[in-house]
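I have placed the structure first, in the form of structure tokens, so that the comments after it can refer back to it.
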Amino acid sequence: MSRKALFALAGAVSMVGLTGCATVDAPSSSLARVEPREASRPNVVVILVDDLPWTDVSINRAGTIRTPNIDSIGEQGVNFSAGYVTASICAVSRAGLLSGRMPMRYGFMYNIVDRGNENAGAGLPTDVPTIAERLKPQGYRTAAFGKWHQGADPQFYPTRRGFDEFFGFLAGETIYADPDTPGIVTTPTKADRYEPREREGGGRLFDGPEMKIVEQPHQYLTETITERTVDFIKRSAASKQPFFTYVAYNAPHWPMQVPQTYYDRHSEIVDPVRRTYVAMIDALDVGVGRILKTLGDEGVRDNTLVIFLSDNGCPVQFGYCDAHHPWGAGKFTYLEGGTRVPFMMSWPAGLKTRGTIDAPVSSLDIAPTILDAVAPDTPIPGELEGIDLLDTIAAPNSAPRTLMWDQRPVRVIREGRYKLWHSDDWKQTHLYDIVADPWERNDLAARQPERVRAMKERVDAFDATLPEPLWPIHSTREIIINGRKTEFVY
């Protein structure tokens, strides 16, 4: 859409109560028209965090954690209170964001396991362009910092996937610092698979096109990712060349490590695991604040499109998730807490906005949004499956949107207020009204068989178009998420 067609949002965020087994408050749309400002090609900063649930940013008013810097993105722009990702697991979700396509369309259905040789050769297919590969021909400087998790083999390395610069790790997890680092708190959990130790394999830190291995065992990784991002922004701003940076923090993903200074701020929390987790989010929020301040200091904040989101929900097994909210946990599952995440956007020069939109949006929407902002008169590539978020902002009350997820054996579809969950191996199909029943406890399948039939036909038809997965499923099992039994898919 033309930038002249954009309008902005203003006014305070309002709240709506959702009724079900318990009352849940979620922000609802609060919109007003004002005259937009013209904007040139924006810089773009996408901040993706790891395992941060919807509840754990304070703009959503769902918990006790304070995230003022993260919140400022939504407060100065748009907070999408029904923001979703394409999968409830790290690598698959990231593939959807980076490609703008449903990952299972090209066989990326399951997570990449880094330890051992189980998934040797797995990665984002090289014939599937990333956002960076689409922006390079537009004259953009590009950089990625932090967690990659899109393949560890050389052909998948970020600087071969459209990024001019990279610093970070290639695996799904790594330590933040050596546990013996002075001033670092390392807290074990009840679900630790191994003891945090020195980095190895894809968990090592790599720098630049040469894949140089960086040894910095005593620096806290969240702070290093911030430092590298700040440096890139300063150099890019000085060059007067538009830039795109993908900032993929691994916080607050396991292992639970944080500087003592942040840990000491939360003495009111008795449980050391929860305390470490909250302190990690605190450190993350400070990092986001530094990035936003740098954009302002360098005079480029006004014309920088900033998007913030999480890759999936919180993993309940470690014991630090919010058990009091239906969306407080759900990683590895297709409860709302697995795929409904914090999601916000700001662009002062392109959107004079302040407000909340409760229309469903997807991480698939990020690629077309960026491409439209960069080249508004160029058609968005037809293979992209998202919707330009600028269109959603312009018409948040348009026809209800359909969203689908497919990680065999589980398939899910949301149409309007209804969500259908199906498992092939459990031979079960459930229907929920997620507005009236956010906890997904009241199964309506027996009472609405026609709706079940229509929705299942649609998601089955989608599944029938998919190729075989490029690598096999790892495991499934029953899991209890905040009192609800569901299927864990890995």
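Kindly evaluate residue 78 against the criterion of being under 21 Å from residue 221 (Cα atoms), surrounded by 23 or more Cβ atoms within 10 Å (Cβ to Cβ), modelled with pLDDT of 95 or more and assigned by TED's automatic domain parsing to the domain that holds residue 147.
Numbers: under 21 Å from residue 221 (Cα atoms): no; surrounded by 23 or more Cβ atoms within 10 Å (Cβ to Cβ): yes; modelled with pLDDT of 95 or more: yes; assigned by TED's automatic domain parsing to the domain that holds residue 147: yes.
For residue 78, the condition - under 21 Å from residue 221 (Cα atoms), surrounded by 23 or more Cβ atoms within 10 Å (Cβ to Cβ), modelled with pLDDT of 95 or more and assigned by TED's automatic domain parsing to the domain that holds residue 147 - is not met.
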Check your understanding: Among the residues of segment 386-402, is there at least one that is farther than 23 Å from residue 305 by Cβ and of a type in the set (A, V, I, L, M, F, W, C)?
Key -> yes
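If you scan segment 198-256, which residues turn out to be assigned to a loop (DSSP other than H, G, I, E, B) and within 22 Å of residue 130 (Cα to Cα)?
Those that are assigned to a loop (DSSP other than H, G, I, E, B) and within 22 Å of residue 130 (Cα to Cα): 208, 209, 210, 211, 241, 242, 249, 250.
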Exercise for review: Filter segment 378-396 down to residues that are outside any loop (DSSP other than H, G, I, E, B) and among the aliphatic types (A, V, I, L, M) and give me whichever is modelled with the highest pLDDT.
Suggested key: 389
Practice item. Could you please let me know if residue 292 is assigned by TED's automatic domain parsing to the domain that holds residue 81, crowded, with 19+ Cβ neighbours inside 10 Å and over 18 Å from the mean Cα position of the chain (by Cα)? Key: yes
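Okay, residues lined up against (1) more than 27 Å from residue 155 (Cβ to Cβ); (2) of a type in the set (Ser, Thr, Tyr):
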position	(1), (2)
229	no, yes
245	no, yes
255	yes, no
260	yes, no
267	yes, yes
278	yes, no
313	yes, no
Exercise for review: Go through the residues of segment 256-264 one by one and say whether even a single one is within 12 Å of residue 284 (Cβ to Cβ) and among the acidic types (Asp, Glu).
Suggested key: no
Review point. For residue 402, are the conditions met, namely being more than 16 Å from residue 78 (Cα to Cα), surrounded by fewer than 23 Cβ atoms within 10 Å (Cβ to Cβ) and hydroxyl-bearing (Ser, Thr, Tyr)?
Key: yes
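Test residue 235 against the criterion of being in contact with a strand residue (DSSP E or B) (Cβ under 7 Å, 6 or more places away or on another chain), modelled with pLDDT of 95 or more and of a type in the set (Lys, Arg), and give yes or no.
Details: in contact with a strand residue (DSSP E or B) (Cβ under 7 Å, 6 or more places away or on another chain): no; modelled with pLDDT of 95 or more: yes; of a type in the set (Lys, Arg): yes.
Spelling it out, it is not the case that residue 235 is in contact with a strand residue (DSSP E or B) (Cβ under 7 Å, 6 or more places away or on another chain), modelled with pLDDT of 95 or more and of a type in the set (Lys, Arg).
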Exercise for review: Take segment 461-482 and flag every residue that is touching a strand residue (DSSP E or B) at 6+ places or on another chain (Cβ under 7 Å) and under 15 Å from residue 402 (Cβ atoms).
Suggested key: 462, 463
Check your understanding: Taking the stated definitions as given, is residue 356 of a type in the set (Ser, Thr, Tyr), more than 26 Å from residue 194 (Cβ to Cβ) and either over 19 Å from the mean Cα position of the chain (by Cα) or part of a helix (DSSP H, G or I) (or both)?
Key -> no
Point to revise | Residue match in segment 328-337 (condition: part of a loop (DSSP other than H, G, I, E, B), modelled with pLDDT under 95 and under 30 Å from residue 430 (Cβ atoms)) | key: no
Check your understanding: Is there a residue being at pLDDT below 95, on the phi < 0 side of the Ramachandran plot and assigned by TED's automatic domain parsing to the domain that holds residue 303 anywhere in segment 90-104?
Key -> no
Check your understanding: Of the residues that make up segment 444-454, is at least one modelled with pLDDT of 95 or more, in a strand (DSSP E or B) and closer than 29 Å to residue 107 by Cβ?
Key -> no
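Scan segment 51-75 for residues that are polar (S, T, N, Q) and modelled with pLDDT under 95 and report the count.
Step one: of segment 51-75, the residues polar (S, T, N, Q) are 55, 58, 60, 64, 67, 69, 72.
Right, trim to modelled with pLDDT under 95 and you get 64.
Residues that pass the stated criteria total 1.
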Revision key, fill the gap. With the first residue restricted to segment 223-247 and required to be in the same structural domain as residue 310 (by TED's automatic domain parsing), and the second required to be of a type in the set (Asp, Glu), Cβ contacts under 7 Å at 6 or more apart or on different chains are 232/165; 233/298; 234/298; 237/298
Exercise for review: Out of the residues in segment 257-287 that are aliphatic (A, V, I, L, M) and outside any helix (DSSP H, G or I), state the one that is nearest to the chain's Cα centre (by Cα).
Suggested key: 258
Check your understanding: Within segment 380-397, is there a residue that is of a type outside the set (Gly, Ala, Ser) and without any contact (Cβ under 8 Å) to a residue 12 or more places away in the chain?
Key -> no
Practice item. Any chance you could count how many residues in segment 456-485 are out of contact with any Asp or Glu (no Cβ under 8 Å at 6 or more places or on another chain), of a type in the set (A, V, I, L, M), in contact (Cβ under 8 Å) with a residue 40 or more places away in the chain and farther than 28 Å from residue 324 by Cα? Key: 2
Review point. Across segment 364-387, what is the total count of residues that are within 17 Å of the chain's Cα centre (by Cα) and under 20 Å from residue 243 (Cα atoms)?
Key: 6
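Which residue out of 420, 466 is assigned to a loop (DSSP other than H, G, I, E, B), surrounded by 15 or more Cβ atoms within 10 Å (Cβ to Cβ) and among the aliphatic types (A, V, I, L, M)? It would help to see each step written out before you state the result.
On the way: 420 fails: assigned to a loop (DSSP other than H, G, I, E, B).
Just a single option satisfies the conditions, and that option is 466.
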Point to revise | So residue 162, is it among the small types (Gly, Ala, Ser) and over 24 Å from residue 240 (Cβ atoms) | key: no
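The values are calculated or read from the model by the stated rules, or taken from the named source; none is laboratory data. This one's a predicted model, so the numbers in the text were calculated from it and none came from an experiment. For neighbour counting, all protein chains shown are included, and Cβ atoms are generated from backbone atoms with ideal geometry for every residue, glycine included.
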